[in-house]
Amino acid sequence: MPELAKKRPEFRNINAFTDLTTYRLPAAGWVSILHRVSGAIMFVLMPFIIWMFDTSVSSEVSFSRFKAAFNSGIGFVPGWFIKLVALALIWAYLHHFIAGLRHLWMDVNHHAVEKKTGATTATATLVLSIGLAVVLGAKLFGLY
Amino acid sequence: MSVNYGSKRIVVGAHYGLRDWIAQRATAVLMAIFTVVLLASLIFSKGPIGYDLWAGIFAAQWMKVLTMVVIIALLYHVWIGMRDIWMDYVKPVIARLVLQVFSIAWLVGCAGWAIQVLWRL
């Protein structure tokens, strides 16, 4: 019997804490994972979205309750927290929307999936979504 | 006829992925159109945005129908997305099944609520 070969390296599943943190993603990689994260955020917060739709649209009384929730809070939840959650949703929607349009464009255009174009549109997606979220967030928190 | 069972089954070419892929695109386009319509009716409105204006947007029958279609599209779109996430990250079959069933229940419940709010306006 031949001598046992030198122990070969094992490649197991990546570890979320030791491996993922060492990855350096390009812009398109960030757009991709954030597309997923933003989608998951909106999935989890869906009851809150429908609650906002319900209270804002059902009647004058519920509409004022909707406004009050943002200004002075509702129950034990302070208003600034409601605004923060709403801002998270605003960012999630913006990112998902813009990255989604980029996706659709890449589906129909061969030029869009080139490395250079992909990097440019990915950067544009990040700048637009974060920029708009900052502008709208500042408005939401009454900075202007 | 291609074999669609056993170890020699053909796992491509049966539109396994294409149907959901294209459904996710189609529903995305619908929701994007809805977003633009909603934003346009807010941006091109006159005066402060109060209850009357906001509720008025959803008062028109065509807007109700469009919103209803978008809610159903959203339900399907999110189902495909969440199913992809569970399939990618959750490997134990029982955990994946539980999460997928939870996603369906969550989405159908949310859609029911949203549709109720919409049609009682």
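The values are calculated or read from the model by the stated rules, or taken from the named source; none is laboratory data. Small disclaimer: the values here were computed from a predicted structure and weren't measured. All Cβ positions, even for glycine, are placed from backbone atoms using ideal geometry, and neighbour counts span all protein chains on display.
Numerical summary
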item	result
Residue that is surrounded by the most Cβ atoms within 10 Å (Cβ to Cβ) [pool: residues in the range A:31-47 that are within 8 Å of another protein chain (Cβ to nearest Cβ) and among the small types (G, A, S)]	A:G39
Residue list for the range A:42-82, restricted to those being in contact with a Leu (Cβ under 7 Å, 6 or more places away or on another chain) and over 24 Å from B:Y51 (Cβ atoms)	A:M42
Helices (runs of 4 or more DSSP H) completely within the range B:16-121 that count 1 or more residues being closer than 30 Å to A:I14 by Cα	B:18-43, B:61-89, B:93-119
Every residue from the range B:27-48 that is within 13 Å of B:T67 (Cβ to Cβ), among the hydrophobic types (A, V, I, L, M, F, W, C) and more than 9 Å from chain A (Cβ to nearest Cβ)	B:L30, B:I33, B:F34, B:V37, B:L38
Unique residue being in contact (Cβ under 8 Å) with a residue 24 or more places away in the chain and over 29 Å from A:S64 (Cβ atoms) when the list is B:L74, B:L30	B:L30
Unique residue being of a type in the set (F, W, Y) and farther than 25 Å from B:F58 by Cα when the list is A:F70, A:F76, A:F63	A:F76
Residue identified as within 9 Å of chain B (Cβ to nearest Cβ) and either among the hydrophobic types (A, V, I, L, M, F, W, C) or surrounded by fewer than 18 Cβ atoms within 10 Å (Cβ to Cβ) (or both) among A:V108, A:V57	A:V57
Checking A:R12 against (1) within 14 Å of another protein chain (Cβ to nearest Cβ); (2) farther than 17 Å from B:L74 by Cβ; (3) part of a helix (DSSP H, G or I), the condition it does not meet	(3)
The lone exception for B:V65 - which of (1) at pLDDT below 95; (2) surrounded by fewer than 14 Cβ atoms within 10 Å (Cβ to Cβ); (3) more than 20 Å from A:V44 (Cα to Cα) it fails	(1)
Scope the range B:30-53; condition more than 11 Å from the chain's Cα centre (by Cα) and within 26 Å of A:G39 (Cα to Cα); matching residues	B:A32, B:I33, B:F34, B:T35, B:V36, B:V37, B:L38, B:L39, B:A40, B:S41, B:L42, B:I43
Criterion (within 24 Å of A:V44 (Cα to Cα) and of a type outside the set (K, R)) met by exactly one of A:L143, A:L136, A:L104	A:L136
Selected residue [within 11 Å of chain A (Cβ to nearest Cβ) and free of Cβ contacts under 8 Å to residues at least 60 places away in the same chain] from B:Y5, B:Y51	B:Y51
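Matching residues to (1) more than 9 Å from every other protein chain (Cβ to nearest Cβ); (2) hydrophobic (A, V, I, L, M, F, W, C):
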site: A:K6; (1), (2): yes, no
site: A:F17; (1), (2): yes, yes
site: A:Y23; (1), (2): yes, no
site: A:G29; (1), (2): yes, no
site: A:I49; (1), (2): no, yes
